[in-house]
């Protein structure tokens, strides 16, 4: 399935540092070197990819705290 994504950039303090919204699925014919590159405005340690539009629907924004659960929480001491 080809869907757009929201890329949620998360800092080492587990706060959202940026959100790239509705990043389009790339055209299959686009050469790798021509694909767009995405990066946050501030330094990030983690990235969370969710369906496009989901960040806005959830009201997710810069400064929001993120909590990892279960095995992930133990792996990253959060």
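Report summary: the helix-based calculation at 222 nm, which adds -39500 (n - 2.57) for every DSSP H run with n ≥ 4 and divides by the residues of the chain, gives -3500 deg cm²/dmol.
When each of 28, 75 is scored by the number of other beta-carbon atoms lying within 10 Å, the sequence from fewest to most is 28, 75. Here the spin labels are modelled as points 7 Å beyond Cα on the Cα-Cβ line, and at residue 71 and residue 57 they lie 2.7 nm apart.
Quick one: grab the alpha carbon gyration tensor of region 5-76, order the square roots of its eigenvalues as a ≥ b ≥ c, and give me rounded if a/c is under 1.5, else prolate or oblate depending on whether a/b is larger than b/c. Working shown, then result.
Values: a/c = 1.96, a/b = 1.69, b/c = 1.15.
Cα axes put region 5-76 in the prolate bin.
For 68, 25, which order do you get if you count the other beta carbons within 10 Å of each Cβ and list the fewest first? Spell out each step's value before the answer.
Details: 68 16, 25 11.
Ordered from fewest to most neighbouring Cβ atoms within 10 Å, 68, 25 come out as 25, 68.
All of the numbers you see were taken from the coordinates with simple rules; none came from a lab. The structure presented is a predicted model; accordingly, all values stated were derived computationally and were not measured. For neighbour counting, all protein chains shown are included, and Cβ atoms are generated from backbone atoms with ideal geometry for every residue, glycine included.
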